Amino acid sequence: LKPTARPRTRRARRRFSLLARASDMPPKKSKEEPKEEPPPVEEEEEEPAVPEILTKCFRTGGLLYYGECKAGYKERKGTFVRHGHGRQLSMAVAPAGRRLSDNMAYETMVVGSYEGSWSQDVMSGKGTYKWSDGSVYEGAFLEGFPSGHGRLCWPDGSVYDGAWMAGAMHGRGRFQSRFDGQVFEGNFYGNCFQTGAGEWVDVLDQLRKSEEQLTAQPDPSSMQVQRCHCNRGPPAGLFAAVDEIQRAGYVPFVVAEESSDVAALPALLGAGLADAARHCATVHGAALSRRRRRDHLRSFVEAMRHSLRDGSSFILVFEDDDVGINAANVDQGDWENRSPVPGVPTLSLPDEWRLSEFFSAPAFPVDIFRPMLFNGRGLADTLVPEMAVRLGSPPLPGSAVGGSDTGAAGARDDAAAQQGHEGEEGAAAGSTSAAKRLQAAASQGVPVGVIGQTGHVFEAGDLPIEAAGLPLMPCLRPVVCAHGRVPDALDDEALRAAIVARFGRHLPLHRTILLVSGKAGTMRSRTLHWASPVALWAPLGLRSCMLPPPSADGASGLGDSSPASRRSSLEPA
(Lines give C-alpha, C1' and ligand atoms only; values in the text may rest on other atoms or scores of the structure.)
Protein backbone atom coordinates (compact mmCIF):
# COMPACT_ATOMS: atom_id res chain seq x y z
CA LEU A 1 0.00 0.00 0.00
CA LYS A 2 1.17 3.58 -0.67
CA PRO A 3 1.99 5.56 2.50
CA THR A 4 -0.40 8.45 3.18
CA ALA A 5 2.29 10.92 4.47
CA ARG A 6 5.55 12.06 2.82
CA PRO A 7 8.68 10.74 4.65
CA ARG A 8 10.90 13.29 6.39
CA THR A 9 14.43 11.93 5.81
CA ARG A 10 16.17 11.71 2.44
CA ARG A 11 16.67 8.00 2.74
CA ALA A 12 13.02 7.45 3.48
CA ARG A 13 11.97 9.76 0.63
CA ARG A 14 14.14 7.75 -1.81
CA ARG A 15 12.65 4.51 -0.67
CA PHE A 16 9.16 5.96 -0.97
CA SER A 17 9.89 7.05 -4.56
CA LEU A 18 11.04 3.58 -5.59
CA LEU A 19 8.00 1.95 -4.02
CA ALA A 20 5.69 4.39 -5.76
CA ARG A 21 7.21 3.74 -9.17
CA ALA A 22 7.06 -0.03 -8.63
CA SER A 23 3.39 0.12 -7.72
CA ASP A 24 2.56 2.08 -10.87
CA MET A 25 4.32 -0.41 -13.18
CA PRO A 26 2.08 -2.97 -14.92
CA PRO A 27 2.57 -6.64 -13.91
CA LYS A 28 4.92 -8.76 -15.95
CA LYS A 29 3.23 -10.81 -18.66
CA SER A 30 3.41 -14.56 -18.19
CA LYS A 31 4.52 -16.73 -21.04
CA GLU A 32 1.26 -18.11 -22.46
CA GLU A 33 1.05 -21.01 -24.87
CA PRO A 34 -0.32 -20.09 -28.27
CA LYS A 35 -4.02 -20.89 -28.60
CA GLU A 36 -5.03 -23.44 -31.21
CA GLU A 37 -7.36 -22.05 -33.79
CA PRO A 38 -10.53 -24.15 -34.37
CA PRO A 39 -10.54 -26.04 -37.63
CA PRO A 40 -12.56 -24.45 -40.38
CA VAL A 41 -16.13 -25.73 -40.60
CA GLU A 42 -16.70 -27.58 -43.82
CA GLU A 43 -19.81 -26.58 -45.60
CA GLU A 44 -22.16 -29.50 -46.16
CA GLU A 45 -22.57 -30.34 -49.78
CA GLU A 46 -26.12 -29.86 -50.91
CA GLU A 47 -27.89 -32.55 -52.89
CA PRO A 48 -28.29 -31.57 -56.53
CA ALA A 49 -31.79 -30.89 -57.81
CA VAL A 50 -31.44 -33.74 -60.32
CA PRO A 51 -29.39 -36.48 -58.60
CA GLU A 52 -27.47 -39.09 -60.52
CA ILE A 53 -29.39 -42.39 -60.55
CA LEU A 54 -27.29 -45.53 -60.17
CA THR A 55 -28.15 -49.22 -60.39
CA LYS A 56 -26.87 -51.20 -57.42
CA CYS A 57 -27.31 -54.52 -55.68
CA PHE A 58 -26.66 -54.60 -51.95
CA ARG A 59 -27.53 -56.62 -48.89
CA THR A 60 -27.94 -55.73 -45.23
CA GLY A 61 -29.20 -58.11 -42.60
CA GLY A 62 -32.36 -59.67 -43.96
CA LEU A 63 -32.83 -57.20 -46.84
CA LEU A 64 -31.64 -57.80 -50.39
CA TYR A 65 -32.15 -54.93 -52.84
CA TYR A 66 -31.50 -54.57 -56.54
CA GLY A 67 -32.48 -51.49 -58.47
CA GLU A 68 -32.07 -47.76 -58.79
CA CYS A 69 -30.59 -45.63 -56.05
CA LYS A 70 -28.71 -42.37 -55.53
CA ALA A 71 -25.75 -41.22 -53.47
CA GLY A 72 -26.56 -39.97 -49.97
CA TYR A 73 -25.76 -36.47 -48.75
CA LYS A 74 -25.31 -34.82 -45.34
CA GLU A 75 -25.98 -37.44 -42.64
CA ARG A 76 -26.27 -40.11 -45.36
CA LYS A 77 -23.01 -39.24 -47.04
CA GLY A 78 -21.12 -42.32 -48.18
CA THR A 79 -24.25 -44.45 -48.50
CA PHE A 80 -26.80 -45.27 -51.17
CA VAL A 81 -30.46 -44.25 -50.92
CA ARG A 82 -33.12 -46.35 -52.66
CA HIS A 83 -34.71 -44.02 -55.16
CA GLY A 84 -36.44 -44.98 -58.40
CA HIS A 85 -37.50 -48.46 -59.49
CA GLY A 86 -36.20 -51.45 -57.57
CA ARG A 87 -36.94 -54.85 -56.13
CA GLN A 88 -36.39 -55.90 -52.52
CA LEU A 89 -36.64 -59.20 -50.68
CA SER A 90 -37.30 -59.13 -46.93
CA MET A 91 -35.78 -62.29 -45.51
CA ALA A 92 -35.45 -63.95 -42.13
CA VAL A 93 -34.06 -67.26 -40.94
CA ALA A 94 -35.91 -69.94 -39.00
CA PRO A 95 -34.39 -72.77 -36.94
CA ALA A 96 -34.41 -75.98 -38.98
CA GLY A 97 -33.14 -78.58 -36.51
CA ARG A 98 -29.93 -80.53 -36.94
CA ARG A 99 -30.57 -81.95 -40.36
CA LEU A 100 -27.10 -81.29 -41.83
CA SER A 101 -24.86 -82.18 -38.88
CA ASP A 102 -24.81 -81.95 -35.10
CA ASN A 103 -24.92 -78.15 -35.36
CA MET A 104 -28.10 -76.10 -35.58
CA ALA A 105 -29.25 -75.47 -39.13
CA TYR A 106 -31.35 -72.55 -40.37
CA GLU A 107 -33.77 -72.19 -43.25
CA THR A 108 -34.08 -68.94 -45.18
CA MET A 109 -37.60 -67.51 -45.11
CA VAL A 110 -38.78 -64.90 -47.60
CA VAL A 111 -41.13 -62.80 -45.49
CA GLY A 112 -42.13 -60.52 -48.35
CA SER A 113 -41.07 -59.09 -51.69
CA TYR A 114 -41.66 -55.67 -53.22
CA GLU A 115 -41.11 -54.45 -56.75
CA GLY A 116 -41.95 -50.92 -57.72
CA SER A 117 -41.12 -47.28 -57.05
CA TRP A 118 -39.02 -45.90 -54.21
CA SER A 119 -38.62 -42.35 -52.98
CA GLN A 120 -36.05 -41.31 -50.38
CA ASP A 121 -35.58 -44.90 -49.18
CA VAL A 122 -39.28 -45.76 -48.68
CA MET A 123 -41.87 -47.40 -50.91
CA SER A 124 -43.75 -44.62 -52.69
CA GLY A 125 -45.54 -44.79 -56.02
CA LYS A 126 -46.79 -47.77 -57.98
CA GLY A 127 -45.67 -51.19 -56.85
CA THR A 128 -46.51 -54.79 -56.00
CA TYR A 129 -46.01 -56.36 -52.57
CA LYS A 130 -46.27 -60.10 -51.83
CA TRP A 131 -46.60 -61.45 -48.31
CA SER A 132 -45.48 -64.92 -47.26
CA ASP A 133 -49.05 -66.06 -46.56
CA GLY A 134 -49.87 -65.70 -50.27
CA SER A 135 -51.55 -62.27 -50.19
CA VAL A 136 -50.67 -59.86 -53.02
CA TYR A 137 -51.24 -56.10 -53.19
CA GLU A 138 -50.84 -54.18 -56.43
CA GLY A 139 -51.35 -50.44 -56.52
CA ALA A 140 -50.17 -47.16 -55.02
CA PHE A 141 -47.89 -46.72 -52.00
CA LEU A 142 -47.15 -43.65 -49.92
CA GLU A 143 -44.53 -43.50 -47.16
CA GLY A 144 -44.36 -47.30 -47.05
CA PHE A 145 -48.11 -47.93 -46.77
CA PRO A 146 -50.73 -48.85 -49.38
CA SER A 147 -52.33 -45.47 -50.08
CA GLY A 148 -54.36 -44.44 -53.08
CA HIS A 149 -55.98 -46.93 -55.43
CA GLY A 150 -54.95 -50.56 -55.17
CA ARG A 151 -56.08 -54.17 -55.38
CA LEU A 152 -55.45 -56.77 -52.67
CA CYS A 153 -56.01 -60.48 -53.24
CA TRP A 154 -56.00 -62.79 -50.21
CA PRO A 155 -54.81 -66.44 -50.44
CA ASP A 156 -58.36 -67.76 -50.53
CA GLY A 157 -59.25 -65.63 -53.56
CA SER A 158 -61.17 -62.83 -51.80
CA VAL A 159 -60.47 -59.47 -53.44
CA TYR A 160 -60.72 -55.80 -52.52
CA ASP A 161 -60.34 -53.22 -55.28
CA GLY A 162 -60.58 -49.58 -54.32
CA ALA A 163 -59.18 -46.75 -52.24
CA TRP A 164 -56.60 -47.15 -49.47
CA MET A 165 -55.27 -44.83 -46.81
CA ALA A 166 -52.30 -45.60 -44.53
CA GLY A 167 -52.61 -49.34 -45.15
CA ALA A 168 -56.37 -49.62 -44.53
CA MET A 169 -59.36 -49.94 -46.85
CA HIS A 170 -60.70 -46.39 -46.75
CA GLY A 171 -62.80 -44.69 -49.41
CA ARG A 172 -64.68 -45.96 -52.41
CA GLY A 173 -64.12 -49.64 -53.11
CA ARG A 174 -65.50 -53.10 -53.72
CA PHE A 175 -64.89 -56.26 -51.66
CA GLN A 176 -65.93 -59.74 -52.83
CA SER A 177 -65.66 -62.77 -50.55
CA ARG A 178 -64.41 -66.01 -52.04
CA PHE A 179 -66.25 -68.10 -49.44
CA ASP A 180 -69.88 -67.09 -49.92
CA GLY A 181 -69.69 -64.64 -52.83
CA GLN A 182 -70.87 -61.75 -50.66
CA VAL A 183 -70.10 -58.33 -52.13
CA PHE A 184 -69.62 -55.01 -50.31
CA GLU A 185 -69.50 -52.02 -52.64
CA GLY A 186 -69.47 -48.41 -51.53
CA ASN A 187 -67.52 -46.33 -49.03
CA PHE A 188 -65.18 -48.08 -46.59
CA TYR A 189 -63.94 -46.57 -43.34
CA GLY A 190 -60.86 -48.12 -41.68
CA ASN A 191 -61.47 -51.66 -43.02
CA CYS A 192 -65.16 -51.44 -42.09
CA PHE A 193 -68.25 -51.18 -44.27
CA GLN A 194 -71.73 -49.93 -43.44
CA THR A 195 -74.55 -51.99 -44.91
CA GLY A 196 -77.82 -50.61 -46.17
CA ALA A 197 -79.44 -51.51 -42.84
CA GLY A 198 -76.94 -49.26 -41.04
CA GLU A 199 -74.91 -52.13 -39.58
CA TRP A 200 -71.13 -51.81 -39.52
CA VAL A 201 -69.19 -54.88 -40.69
CA ASP A 202 -65.50 -55.46 -39.91
CA VAL A 203 -64.47 -56.90 -43.27
CA LEU A 204 -61.17 -58.36 -42.07
CA ASP A 205 -62.70 -59.99 -38.99
CA GLN A 206 -65.38 -61.59 -41.15
CA LEU A 207 -62.70 -62.79 -43.56
CA ARG A 208 -60.72 -64.45 -40.76
CA LYS A 209 -63.80 -66.22 -39.40
CA SER A 210 -64.60 -67.55 -42.87
CA GLU A 211 -61.05 -68.86 -43.26
CA GLU A 212 -61.23 -70.68 -39.92
CA GLN A 213 -64.62 -72.13 -40.74
CA LEU A 214 -63.43 -73.47 -44.07
CA THR A 215 -60.35 -75.04 -42.48
CA ALA A 216 -62.28 -76.70 -39.67
CA GLN A 217 -64.91 -78.23 -41.97
CA PRO A 218 -63.56 -81.52 -43.37
CA ASP A 219 -63.63 -81.91 -47.15
CA PRO A 220 -61.35 -84.90 -47.90
CA SER A 221 -62.28 -85.25 -51.57
CA SER A 222 -59.04 -83.62 -52.69
CA MET A 223 -56.66 -85.42 -50.29
CA GLN A 224 -53.52 -86.64 -52.05
CA VAL A 225 -51.64 -89.88 -51.43
CA GLN A 226 -47.87 -90.31 -51.45
CA ARG A 227 -45.89 -93.44 -50.59
CA CYS A 228 -42.45 -94.13 -49.12
CA HIS A 229 -40.64 -97.48 -49.31
CA CYS A 230 -39.11 -99.12 -46.27
CA ASN A 231 -37.59 -102.57 -45.91
CA ARG A 232 -35.76 -102.16 -42.61
CA GLY A 233 -35.62 -99.07 -40.47
CA PRO A 234 -37.13 -95.68 -41.36
CA PRO A 235 -38.49 -95.27 -44.91
CA ALA A 236 -36.01 -93.88 -47.38
CA GLY A 237 -36.70 -90.28 -48.27
CA LEU A 238 -39.22 -89.78 -45.45
CA PHE A 239 -37.51 -86.63 -44.20
CA ALA A 240 -37.44 -85.05 -47.68
CA ALA A 241 -41.06 -86.01 -48.41
CA VAL A 242 -42.30 -84.49 -45.14
CA ASP A 243 -40.29 -81.33 -45.76
CA GLU A 244 -41.69 -80.87 -49.28
CA ILE A 245 -45.28 -81.28 -48.09
CA GLN A 246 -44.78 -78.75 -45.31
CA ARG A 247 -43.24 -76.21 -47.70
CA ALA A 248 -46.25 -76.63 -49.98
CA GLY A 249 -48.53 -75.39 -47.20
CA TYR A 250 -50.00 -78.76 -46.20
CA VAL A 251 -49.67 -81.06 -43.18
CA PRO A 252 -48.23 -84.59 -43.71
CA PHE A 253 -50.47 -87.34 -42.35
CA VAL A 254 -48.17 -90.34 -41.90
CA VAL A 255 -49.49 -93.92 -41.61
CA ALA A 256 -47.82 -97.31 -42.06
CA GLU A 257 -48.95 -100.38 -43.95
CA GLU A 258 -49.70 -103.59 -42.06
CA SER A 259 -46.53 -105.38 -43.20
CA SER A 260 -44.24 -102.43 -42.53
CA ASP A 261 -41.40 -103.12 -40.13
CA VAL A 262 -41.71 -99.67 -38.55
CA ALA A 263 -44.84 -97.87 -37.35
CA ALA A 264 -45.47 -94.25 -38.30
CA LEU A 265 -44.18 -92.53 -35.14
CA PRO A 266 -40.95 -94.60 -34.80
CA ALA A 267 -40.30 -93.97 -38.50
CA LEU A 268 -40.60 -90.19 -38.01
CA LEU A 269 -38.39 -90.26 -34.93
CA GLY A 270 -35.84 -92.48 -36.66
CA ALA A 271 -35.67 -90.05 -39.60
CA GLY A 272 -34.62 -87.29 -37.19
CA LEU A 273 -37.76 -85.17 -37.57
CA ALA A 274 -38.45 -84.79 -33.85
CA ASP A 275 -37.75 -85.94 -30.32
CA ALA A 276 -40.58 -87.88 -28.69
CA ALA A 277 -40.32 -86.24 -25.27
CA ARG A 278 -40.10 -82.66 -26.52
CA HIS A 279 -41.89 -82.32 -29.85
CA CYS A 280 -44.75 -84.84 -29.73
CA ALA A 281 -48.23 -84.56 -28.23
CA THR A 282 -50.93 -87.22 -28.08
CA VAL A 283 -54.63 -86.57 -28.63
CA HIS A 284 -55.41 -89.36 -26.14
CA GLY A 285 -53.64 -87.53 -23.30
CA ALA A 286 -55.28 -84.20 -24.13
CA ALA A 287 -58.74 -85.79 -24.18
CA LEU A 288 -58.13 -87.44 -20.82
CA SER A 289 -56.98 -84.13 -19.27
CA ARG A 290 -60.02 -82.36 -20.71
CA ARG A 291 -62.35 -84.93 -19.17
CA ARG A 292 -60.65 -84.42 -15.80
CA ARG A 293 -60.96 -80.61 -16.17
CA ARG A 294 -57.22 -80.06 -16.31
CA ASP A 295 -55.16 -77.86 -18.64
CA HIS A 296 -55.71 -80.12 -21.64
CA LEU A 297 -53.92 -77.81 -24.10
CA ARG A 298 -50.68 -77.65 -22.13
CA SER A 299 -49.09 -80.62 -23.89
CA PHE A 300 -49.88 -79.11 -27.31
CA VAL A 301 -48.49 -75.70 -26.35
CA GLU A 302 -45.27 -77.06 -24.83
CA ALA A 303 -44.57 -79.31 -27.82
CA MET A 304 -45.17 -76.46 -30.28
CA ARG A 305 -42.89 -74.12 -28.32
CA HIS A 306 -40.03 -76.63 -28.34
CA SER A 307 -40.55 -77.21 -32.06
CA LEU A 308 -40.55 -73.50 -32.86
CA ARG A 309 -37.37 -72.85 -30.90
CA ASP A 310 -35.22 -75.61 -32.37
CA GLY A 311 -36.87 -76.11 -35.79
CA SER A 312 -37.99 -79.73 -35.33
CA SER A 313 -41.40 -80.94 -36.48
CA PHE A 314 -44.40 -80.75 -34.17
CA ILE A 315 -45.97 -84.23 -34.27
CA LEU A 316 -49.60 -84.74 -33.30
CA VAL A 317 -50.14 -88.44 -32.50
CA PHE A 318 -53.34 -90.48 -32.71
CA GLU A 319 -52.88 -93.63 -30.59
CA ASP A 320 -55.53 -95.41 -32.62
CA ASP A 321 -54.25 -98.97 -32.36
CA ASP A 322 -56.50 -101.30 -30.35
CA VAL A 323 -54.33 -101.08 -27.22
CA GLY A 324 -54.34 -97.29 -27.32
CA ILE A 325 -58.12 -97.07 -27.78
CA ASN A 326 -58.78 -99.60 -24.99
CA ALA A 327 -56.57 -97.48 -22.70
CA ALA A 328 -58.46 -94.26 -23.52
CA ASN A 329 -59.42 -93.91 -19.84
CA VAL A 330 -55.94 -94.67 -18.50
CA ASP A 331 -53.28 -92.03 -17.95
CA GLN A 332 -50.11 -93.23 -19.70
CA GLY A 333 -47.26 -91.00 -18.62
CA ASP A 334 -44.71 -92.74 -20.86
CA TRP A 335 -46.93 -93.14 -23.91
CA GLU A 336 -44.09 -92.21 -26.27
CA ASN A 337 -42.16 -95.33 -25.20
CA ARG A 338 -45.02 -97.71 -25.97
CA SER A 339 -44.62 -99.77 -29.13
CA PRO A 340 -47.75 -99.60 -31.31
CA VAL A 341 -49.50 -102.93 -31.86
CA PRO A 342 -48.96 -104.28 -35.40
CA GLY A 343 -52.03 -104.90 -37.49
CA VAL A 344 -55.07 -103.06 -38.69
CA PRO A 345 -57.12 -101.66 -35.78
CA THR A 346 -60.65 -102.96 -35.29
CA LEU A 347 -61.97 -100.37 -32.82
CA SER A 348 -63.37 -96.98 -33.79
CA LEU A 349 -61.87 -93.70 -32.62
CA PRO A 350 -63.59 -92.07 -29.63
CA ASP A 351 -65.59 -88.94 -30.44
CA GLU A 352 -63.70 -87.03 -27.77
CA TRP A 353 -60.57 -87.34 -29.92
CA ARG A 354 -61.97 -84.94 -32.50
CA LEU A 355 -59.58 -82.01 -32.91
CA SER A 356 -62.53 -79.64 -33.20
CA GLU A 357 -62.92 -80.13 -29.43
CA PHE A 358 -59.43 -78.72 -28.85
CA PHE A 359 -59.05 -75.89 -31.38
CA SER A 360 -58.65 -72.68 -29.43
CA ALA A 361 -56.81 -69.51 -30.38
CA PRO A 362 -54.10 -68.65 -29.61
CA ALA A 363 -53.00 -71.82 -27.72
CA PHE A 364 -54.03 -74.39 -30.35
CA PRO A 365 -55.53 -72.58 -33.35
CA VAL A 366 -57.03 -74.35 -36.33
CA ASP A 367 -54.55 -72.36 -38.45
CA ILE A 368 -51.81 -74.90 -37.70
CA PHE A 369 -53.37 -76.89 -40.56
CA ARG A 370 -52.56 -73.94 -42.82
CA PRO A 371 -48.82 -73.62 -42.17
CA MET A 372 -48.31 -70.85 -44.74
CA LEU A 373 -50.92 -68.64 -43.09
CA PHE A 374 -49.86 -69.58 -39.56
CA ASN A 375 -46.22 -68.69 -40.19
CA GLY A 376 -46.81 -65.86 -42.67
CA ARG A 377 -49.16 -63.94 -40.39
CA GLY A 378 -47.01 -64.23 -37.29
CA LEU A 379 -49.40 -66.42 -35.28
CA ALA A 380 -46.43 -68.21 -33.74
CA ASP A 381 -45.35 -64.97 -32.05
CA THR A 382 -47.90 -65.56 -29.29
CA LEU A 383 -46.21 -68.87 -28.42
CA VAL A 384 -42.59 -67.65 -28.61
CA PRO A 385 -42.73 -63.84 -28.31
CA GLU A 386 -38.95 -63.63 -27.94
CA MET A 387 -38.62 -64.75 -31.58
CA ALA A 388 -41.09 -62.24 -33.05
CA VAL A 389 -39.53 -60.89 -36.24
CA ARG A 390 -39.46 -57.12 -36.84
CA LEU A 391 -39.01 -56.14 -40.45
CA GLY A 392 -39.63 -52.89 -42.29
CA SER A 393 -42.52 -54.16 -44.40
CA PRO A 394 -46.09 -52.91 -44.67
CA PRO A 395 -48.52 -54.62 -42.30
CA LEU A 396 -50.68 -57.29 -43.88
CA PRO A 397 -54.38 -56.35 -43.86
CA GLY A 398 -56.24 -59.15 -42.17
CA SER A 399 -53.29 -60.42 -40.15
CA ALA A 400 -54.35 -61.78 -36.78
CA VAL A 401 -51.19 -60.33 -35.25
CA GLY A 402 -50.43 -56.72 -36.00
CA GLY A 403 -47.04 -55.56 -37.17
CA SER A 404 -44.59 -53.76 -34.96
CA ASP A 405 -42.04 -51.64 -36.80
CA THR A 406 -43.90 -51.55 -40.06
CA GLY A 407 -44.77 -49.17 -42.81
CA ALA A 408 -42.93 -45.88 -43.07
CA ALA A 409 -41.35 -46.18 -39.63
CA GLY A 410 -40.01 -49.62 -40.43
CA ALA A 411 -38.84 -48.47 -43.82
CA ARG A 412 -36.87 -45.69 -42.17
CA ASP A 413 -35.39 -48.21 -39.75
CA ASP A 414 -34.33 -50.21 -42.80
CA ALA A 415 -32.81 -47.06 -44.25
CA ALA A 416 -30.87 -46.48 -41.05
CA ALA A 417 -29.64 -50.05 -41.12
CA GLN A 418 -28.73 -49.58 -44.75
CA GLN A 419 -26.43 -46.65 -43.99
CA GLY A 420 -23.50 -49.06 -44.08
CA HIS A 421 -23.90 -49.83 -47.79
CA GLU A 422 -20.70 -48.42 -49.19
CA GLY A 423 -18.87 -49.01 -52.43
CA GLU A 424 -19.74 -51.34 -55.26
CA GLU A 425 -20.43 -54.34 -53.04
CA GLY A 426 -22.66 -52.50 -50.57
CA ALA A 427 -21.15 -54.28 -47.57
CA ALA A 428 -22.20 -53.20 -44.09
CA ALA A 429 -19.58 -50.95 -42.48
CA GLY A 430 -18.04 -52.40 -39.38
CA SER A 431 -19.32 -55.92 -39.98
CA THR A 432 -16.85 -58.78 -39.90
CA SER A 433 -15.99 -60.93 -42.85
CA ALA A 434 -17.64 -63.87 -41.08
CA ALA A 435 -20.90 -61.93 -40.79
CA LYS A 436 -20.74 -61.07 -44.49
CA ARG A 437 -20.21 -64.71 -45.38
CA LEU A 438 -23.16 -65.70 -43.20
CA GLN A 439 -25.39 -63.13 -44.90
CA ALA A 440 -24.31 -64.43 -48.28
CA ALA A 441 -24.95 -68.03 -47.22
CA ALA A 442 -28.50 -67.10 -46.19
CA SER A 443 -29.39 -65.28 -49.43
CA GLN A 444 -27.41 -67.04 -52.15
CA GLY A 445 -29.29 -70.15 -53.16
CA VAL A 446 -32.82 -68.94 -52.47
CA PRO A 447 -35.11 -70.32 -55.22
CA VAL A 448 -36.48 -67.82 -57.71
CA GLY A 449 -39.92 -66.43 -56.93
CA VAL A 450 -40.45 -68.43 -53.72
CA ILE A 451 -42.32 -66.79 -50.84
CA GLY A 452 -42.30 -68.26 -47.33
CA GLN A 453 -40.26 -71.41 -46.72
CA THR A 454 -37.57 -71.63 -49.38
CA GLY A 455 -35.99 -74.99 -48.60
CA HIS A 456 -32.56 -73.33 -48.56
CA VAL A 457 -30.85 -74.66 -45.41
CA PHE A 458 -27.45 -73.62 -44.12
CA GLU A 459 -25.39 -73.68 -40.92
CA ALA A 460 -24.15 -70.62 -39.07
CA GLY A 461 -21.06 -72.26 -37.59
CA ASP A 462 -19.62 -70.63 -34.49
CA LEU A 463 -21.04 -67.19 -35.28
CA PRO A 464 -24.39 -66.37 -33.62
CA ILE A 465 -27.08 -65.74 -36.19
CA GLU A 466 -27.88 -62.36 -34.61
CA ALA A 467 -24.29 -61.18 -35.12
CA ALA A 468 -24.86 -61.10 -38.88
CA GLY A 469 -27.98 -58.96 -38.51
CA LEU A 470 -30.25 -61.74 -39.78
CA PRO A 471 -33.74 -61.60 -38.22
CA LEU A 472 -34.74 -64.83 -36.47
CA MET A 473 -38.37 -65.90 -36.90
CA PRO A 474 -40.32 -68.97 -35.74
CA CYS A 475 -41.66 -71.50 -38.25
CA LEU A 476 -44.06 -74.27 -37.24
CA ARG A 477 -43.66 -77.60 -39.08
CA PRO A 478 -46.71 -79.71 -38.14
CA VAL A 479 -47.07 -83.45 -38.77
CA VAL A 480 -49.94 -85.84 -37.92
CA CYS A 481 -49.34 -89.58 -37.49
CA ALA A 482 -51.39 -92.60 -36.48
CA HIS A 483 -50.34 -95.72 -34.52
CA GLY A 484 -52.84 -97.89 -36.38
CA ARG A 485 -51.84 -99.60 -39.64
CA VAL A 486 -53.63 -99.71 -42.99
CA PRO A 487 -54.09 -102.88 -45.08
CA ASP A 488 -51.41 -103.78 -47.60
CA ALA A 489 -51.76 -103.42 -51.36
CA LEU A 490 -54.60 -100.86 -51.36
CA ASP A 491 -54.70 -98.53 -54.33
CA ASP A 492 -54.99 -94.81 -53.79
CA GLU A 493 -58.77 -94.63 -54.01
CA ALA A 494 -59.32 -97.52 -51.57
CA LEU A 495 -56.70 -96.13 -49.19
CA ARG A 496 -58.26 -92.69 -49.28
CA ALA A 497 -61.71 -94.18 -48.58
CA ALA A 498 -60.35 -96.11 -45.57
CA ILE A 499 -58.68 -93.04 -44.07
CA VAL A 500 -61.76 -90.86 -44.61
CA ALA A 501 -64.00 -93.46 -42.95
CA ARG A 502 -61.74 -93.61 -39.90
CA PHE A 503 -60.50 -90.00 -39.49
CA GLY A 504 -62.97 -87.94 -41.52
CA ARG A 505 -64.67 -86.48 -38.43
CA HIS A 506 -61.53 -86.10 -36.32
CA LEU A 507 -59.26 -83.76 -38.29
CA PRO A 508 -59.38 -81.59 -41.42
CA LEU A 509 -58.13 -84.16 -43.92
CA HIS A 510 -58.44 -81.71 -46.83
CA ARG A 511 -55.48 -79.80 -45.35
CA THR A 512 -53.30 -82.92 -45.21
CA ILE A 513 -51.41 -85.10 -47.69
CA LEU A 514 -51.46 -88.80 -46.82
CA LEU A 515 -47.93 -90.22 -46.58
CA VAL A 516 -47.89 -94.04 -46.44
CA SER A 517 -44.83 -96.11 -45.53
CA GLY A 518 -44.62 -99.72 -46.62
CA LYS A 519 -42.39 -102.37 -48.16
CA ALA A 520 -41.53 -102.01 -51.81
CA GLY A 521 -43.13 -105.35 -52.74
CA THR A 522 -46.52 -104.40 -51.27
CA MET A 523 -46.85 -100.92 -52.78
CA ARG A 524 -49.63 -100.73 -55.34
CA SER A 525 -48.72 -97.23 -56.53
CA ARG A 526 -45.43 -95.38 -56.54
CA THR A 527 -46.72 -91.99 -57.64
CA LEU A 528 -48.67 -89.21 -56.06
CA HIS A 529 -52.39 -89.03 -56.65
CA TRP A 530 -52.77 -85.64 -58.33
CA ALA A 531 -56.18 -84.05 -58.12
CA SER A 532 -57.33 -81.24 -60.35
CA PRO A 533 -55.37 -78.04 -59.52
CA VAL A 534 -58.62 -76.13 -59.14
CA ALA A 535 -60.15 -78.70 -56.78
CA LEU A 536 -56.90 -79.14 -54.87
CA TRP A 537 -55.83 -75.56 -54.29
CA ALA A 538 -59.09 -73.60 -54.58
CA PRO A 539 -60.12 -74.00 -50.90
CA LEU A 540 -57.37 -71.60 -49.83
CA GLY A 541 -56.20 -70.31 -53.18
CA LEU A 542 -52.56 -71.29 -52.61
CA ARG A 543 -51.62 -70.83 -56.22
CA SER A 544 -48.20 -69.39 -55.47
CA CYS A 545 -46.98 -72.58 -53.78
CA MET A 546 -48.44 -75.33 -55.99
CA LEU A 547 -46.51 -78.56 -56.09
CA PRO A 548 -45.19 -79.40 -59.56
CA PRO A 549 -47.38 -81.80 -61.55
CA PRO A 550 -46.03 -85.29 -62.25
CA SER A 551 -43.73 -85.56 -65.23
CA ALA A 552 -44.25 -87.81 -68.21
CA ASP A 553 -42.27 -90.66 -66.64
CA GLY A 554 -44.51 -90.70 -63.57
CA ALA A 555 -42.14 -88.88 -61.22
CA SER A 556 -43.93 -86.83 -58.62
CA GLY A 557 -41.76 -83.74 -58.98
CA LEU A 558 -41.03 -83.65 -55.27
CA GLY A 559 -37.53 -83.35 -53.93
CA ASP A 560 -35.99 -81.25 -56.70
CA SER A 561 -33.14 -79.66 -54.83
CA SER A 562 -30.67 -79.18 -57.62
CA PRO A 563 -28.54 -76.02 -57.48
CA ALA A 564 -30.17 -74.73 -60.65
CA SER A 565 -33.63 -74.90 -59.06
CA ARG A 566 -32.44 -72.88 -56.09
CA ARG A 567 -30.56 -70.08 -57.84
CA SER A 568 -31.58 -66.65 -56.68
CA SER A 569 -32.83 -64.05 -59.13
CA LEU A 570 -31.12 -61.34 -57.09
CA GLU A 571 -27.45 -62.22 -57.21
CA PRO A 572 -24.99 -59.56 -56.04
CA ALA A 573 -23.75 -57.28 -58.77
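General remarks:
- Highest-first arrangement of 269-275, 478-484, where packing means the average Cβ count within 10 Å: 478-484, 269-275
- Accessible solvent surface per residue of the stretch 85-147, calculated while the other protein chains remain in place, 1.4 angstrom probe, Å²: 33
- Ratio of the Cα radius of gyration of the stretch 264-329 to 2.2 N^0.38 Å, where N counts its residues: 1.15
- Percent accessible area from carbon and sulfur atoms, the stretch 127-177, protein chains only, probe 1.4 Å: 55
- Entries of Lys77/Lys436; Lys70/Lys126; Lys126/Lys436; Lys56/Lys130; Lys56/Lys126; Lys77/Lys126 with Cα pairs more than 24 Å apart: Lys126/Lys436; Lys77/Lys126
- Between Leu463 and Ala494, the modelled labels are 5.7 nm apart [label points 7 Å from Cα along Cα→Cβ].
- Residue order for Phe503, Phe145 - accessible surface, 1.4 angstrom probe, largest first: Phe145, Phe503
- Sulfur and carbon atoms: percent of accessible area, the stretch 261-303 [1.4 Å]: 43
- Extended-chain gain in nm, criterion 0.36 nm per residue less alpha-carbon gap, Met165 and Asp102: 17.7 nm
- Stretched out straight at 0.36 nm per residue, the stretch from Glu45 to Ser339 would grow longer than its current Cα-Cα span by 98.3 nm.
- Rounded to the nearest 0.05, the FRET efficiency derived from the C-beta distance between Glu185 and Gln217 at R0 = 25 Å is 0.35.
- Qualifying trypsin sites (Lys or Arg not before Pro) in the stretch 223-305, where qualification requires a DSSP coil assignment and no more than 12 other C-beta atoms within 10 Å, comprise Arg232, Arg292, Arg293, Arg294.
The values are calculated or read from the model by the stated rules, or taken from the named source; none is laboratory data. These numbers come from a predicted model, not from an experiment. Don't worry about glycine lacking a Cβ; one is built from the backbone with ideal geometry, like all the others, and counts go over all protein chains shown. With ligands, DNA and RNA removed, areas are computed over all heavy atoms of the protein, side chains included. Shrake-Rupley method; radii C 1.70, N 1.55, O 1.52, S 1.80 Å.
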